[in-house]
Amino acid sequence: MNDKSSVASSLPEPGDQLPWLREQLDDINAALISAGKLHAEDITAVAPEWTDNARNLIHYVTLRRRDLRPIQAGLSLHGFSSLGRVEPHVLPTINAIRNAARVVSEGTAEEPADPGLDTDADGVIDGPARLDTAAIRCFGPAPEDRYTRIMVTMPSEASHNRPLLRDLVAAGMNLIRVNCAHDDPETWESIIGLARSEAKRAERPVRVSMDLGGPKLRTGPFLPAPGVVKIKPSRDTYGRVLVPAYVWLGLTDQPGPAGIDLENLQATGFGDIAAEATVVPVTCTADLERRSLAPGSELRLIDARGSKRRLPILYRGAGGVLVSTAKTTYVTEGVGLHTDGAADSSLTIAALPAMEQALRLHEGETLQLLRTTDPQPVTPIGPARVGCTLPEVFDAVEPGERVLFDDGSIEGTAVLVSTDRIDVRIDRTAPGGSKLKAEKGINVPDTELPVSALTDKDRRDLKFVAKHADIVNVSFVNTAEDVQEVIDLLRDSPAADRDFGLVLKIETLRAFRNLPQILLAAMRWPSVGVMIARGDLAVEIGFERMAEVQQEILWLCESAGVPVIWATQVLEQLAKKGLPTRAEVTDAAEAQQAEVVMLNKGPFIVTAVSTLADILQRMQTHTEKKISLLRRLESWDLGRTG
């Protein structure tokens, strides 16, 4: 039996449905009133602006602890509200349906013992209006032509690129996002100054939000590999050389020929060739002029693969030698180049930039995660090793818990845990293995890490944010205690004296499960928002659950009257490559359910902002939030403490 038929079969027989519905609604009404009394202390603890919202949030969580689908089906059959838009005003909706059912069956109505929410002068309870007010407090007014605002992550170049800010404002940007994990206070201040200047010039409100980095759980560095230069001629489809490779063996620090060499190369017809040549630094064992390096002779070497190569000399100058080769050649530091008949090297390859290394991991292998940030070697022999930036992991992870790397592209399980090492069995990679580089994210969704959402750097950065920005976005919030710490710091900052927004980034499984408690704690601050950080959150909960989880967060926040930022990879391909995918356009349309949509930086970000503004404007004429089936949600429990 499918789920839909199961719901239908749970209804009473015709003739008994209306009494059954009244009984169910009476039971729900009593449970909601009881929950409000049980959590009265939580309600009174919030700021005055949030009293009704906190009560409604508690009612909604209580309501969603039930599977309401049989009740929904019965209500629809009798022409009542199906509860599909219950989020903004839970108890009043239940009371209204109870009264409607009473009128249908008895012809009379009754006044509810507890209306559940304050009403305006006309007795109207307007949950959406409370949400609009909260969104304006936190994010500023919505544009005239659309409800949903657009936030853009600022690249470093925004600190000096005034035309970029001007174009973004003109395209429809309403908020800027500055990430404290990058750049420095001088750069941040410059970005903020230009953004506000261009907003003022355009007479459009633009608010400034700043992200705190939070505790970073990332892979440590690897020892670099010796540098290598690949010299490769151009070949056709059949491997035949079309154009040989040209190399400038430079004796100076300059990247290519200069001065008299450049003039001579132009005069001899090699100017264009030298300009396109691969530059390789060399040292000379004797006076270059005293060596037999005349054009027409050759330099010989054995490259990094042990292959013998001959490089015909095209030009010899004071600053270097121009050579060519018709064969692919790999050169590394210390490789000697001999002239015809010379016993020793005429030239030696000088120091080359070291290469970043990475591990290649396969299913079934073991990765040793080490309690250190010292660079680790990458060798084909022995177990793979990588350091970790957060030592608290080694005191918290238990065998059997998942350990994910690089946005979940590599999945493993902890099989052995000690104070300074975790052995991770690799369970999933891409076919053929996956690379793991330094500075890649690590997620431990099954582990409760004993760390605060704020690092020492975050606390320093918060002083700047409270002075210069309009909103702080707090990363890796997991508990109500994390929120309270931020609020305590804000109350002792310049933010306490103005309309300053506090946005909580929900990016872990633990934060999602604790969201009701997190929201109640946040409501002690007057201006609050939530960011659905879909990147990290999808890694933690699994990509297959992301669609339903982001909807659940939207529902819960709507019940609390808390505005939401829809974030991560919105129109990502359009912003980076100039052409969107069909899937991301659909995703952008779904984002209309939120009060703010965030775009990441990219070369085509102005086009992305303009496109998103058009999509949002069109979609708001079709939908407002959503009507949904209300199955039981087991994610949240008001009794959970951490």
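The values are calculated or read from the model by the stated rules, or taken from the named source; none is laboratory data. Here the structure is a predicted model, which means the values were calculated and not measured. Note: ideal-geometry Cβ built from the backbone for every residue, glycine included; neighbour counts use all protein chains shown. For accessibility, only protein heavy atoms count, side chains too; no ligands or nucleic acids. Shrake-Rupley method; radii C 1.70, N 1.55, O 1.52, S 1.80 Å.
What's the carbon and sulfur percent of the range 513-559's accessible surface, probe 1.4 angstrom, rounded to a whole number?
Values: 620 of 1130 Å².
Carbon plus sulfur share of accessible area: 54 percent.
Note: relative contact order over the range 125-179, using C-alpha pairs below 8 Å and six or more positions apart, is 38 percent. The value of relative contact order for the chain, using C-alpha pairs under 8 Å at least six residues apart, is 17 percent. Between A275 and D67, the modelled label-to-label distance comes to 7.4 nm, taking each label 7 Å out from Cα in the direction of the beta carbon.
Per-residue Karplus couplings for the range 416-422, computed as 6.51 cos²θ - 1.76 cosθ + 1.60 with θ equal to phi - 60°, are listed in order as 8, 10, 10, 5, 10, 7, 10 Hz, Gly and Pro entered as x.
Gain on full extension, evaluated as 0.36 nm per residue between T252 and A326 minus their Cα-Cα distance, stands at 24.1 nm.
Is the range 391-469 best put as rounded, prolate or oblate by its Cα gyration tensor, with a ≥ b ≥ c the root eigenvalues, rounded for a/c under 1.5, and otherwise prolate when a/b is larger than b/c, oblate when not? Mind showing how you got there, number by number?
Values: a/c = 3.13, a/b = 1.71, b/c = 1.83.
Oblate, since a/c reaches 1.5 and b/c is not below a/b.
In this simple spin-label model, placing a label point 7 Å from the Cα along the Cα-to-Cβ direction at both R360 and A181 gives a separation of 2.8 nm.
Computed over the Cα atoms of the range 203-306, what is the ratio Rg over Rh, Rh following Kirkwood?
Numbers: Rg = 23.0 Å, Rh = 18.9 Å.
Rg/Rh: 1.21.
I need the shape label for the range 155-239. Rule: rounded when a/c is under 1.5, else prolate if a/b > b/c, else oblate, with a, b, c from the alpha carbon gyration tensor. Taking the square roots of the gyration eigenvalues as a ≥ b ≥ c, the range 155-239 is oblate. Taking amide H as placed 1.01 Å from N in the peptide plane, the amide H of R385 sits under 5 Å from that of Q368, each at least 5 places away or on another chain. Annotation for the range 477-542 versus the range 134-156: alpha-carbon center distance of 18 Å.
Entry comment: accessible area of the chain is 45 Å² per residue, from protein heavy atoms only and a probe of 1.4 Å.
For the range 171-177, the Karplus equation 6.51 cos²θ - 1.76 cosθ + 1.60, evaluated at θ = phi - 60°, returns couplings of 6, x, 5, 10, 9, 10, 10 Hz by residue, with Gly and Pro reported as x.
Peptide packing: for 182-191, 84-93, the average count of neighbouring Cβ atoms within 10 Å per residue gives the ranking 84-93, 182-191, highest mean first. Under 5 Å between amide hydrogens, built in the peptide plane, is the criterion, and for V279 it picks out W248 among residues at least 5 positions away or on other chains. Taking 7 Å steps out from each Cα toward its Cβ at T283 and K467 produces label points 4.9 nm apart. Once backbone amide H atoms are built at 1.01 Å from N, N179 has M154, D211 as its partners under 5 Å, excluding neighbours fewer than 5 places away on the same chain. The order of the peptides 507-520, 296-309 by mean Cβ neighbours within 10 Å, most packed first, is 507-520, 296-309.
To the nearest 10, the accessible area of R65 is 70 Å² with a 1.4 Å probe. Karplus-based coupling profile of the range 602-607, in residue order and whole Hz: x, x, 10, 5, 5, 4, with θ = phi - 60° in 6.51 cos²θ - 1.76 cosθ + 1.60 and x standing for Gly or Pro. Helices in the chain, meaning DSSP H runs of at least 4 residues, each add -39500 (n - 2.57). Divided by all residues, the mean residue ellipticity at 222 nm is -10500 deg cm²/dmol.
Converting the Cα gyration tensor eigenvalues of the chain into ellipsoid dimensions via √(5λ) gives semi-axes, longest first, of 62, 28, 23 Å. Which pairs in the list K216/K437; K577/K601; K440/K467; K216/K576; K216/K457 are over 20 Å apart, alpha-carbon to alpha-carbon? Distance filter (> 20 Å) returns K440/K467; K216/K576.
Sorting 164-175, 600-611, 357-368 by average packing, meaning the other beta carbons within 10 Å per residue, from highest down gives 164-175, 600-611, 357-368. Mean sequence separation of contacting Cα pairs (under 8 Å, at least six apart), scaled by the length of the range 200-331, corresponds to a relative contact order of 29 percent. Taking the three principal axes of the alpha carbon atoms in the range 542-621, the coordinate ranges are 37, 30, 20 Å, sorted in descending order. The stretch between E263 and V241 holds 5.0 nm of extra length on full extension. This uses 0.36 nm per residue minus the Cα-Cα distance. Per residue, the convex hull spanned by the Cα atoms of the range 302-439 amounts to 174 cubic angstrom. Out of the trypsin sites (Lys or Arg not before Pro) in the range 184-242, which ones are loop residues according to DSSP with at most 10 other C-beta atoms within 10 Å? When the trypsin sites (Lys or Arg not before Pro) of the range 184-242 are filtered for loop state and at most 10 Cβ neighbours within 10 Å, R240 remain. Based on the reciprocal of the average 1/r between different C-alpha atoms, the Kirkwood radius for the range 467-560 equals 13.6 Å.
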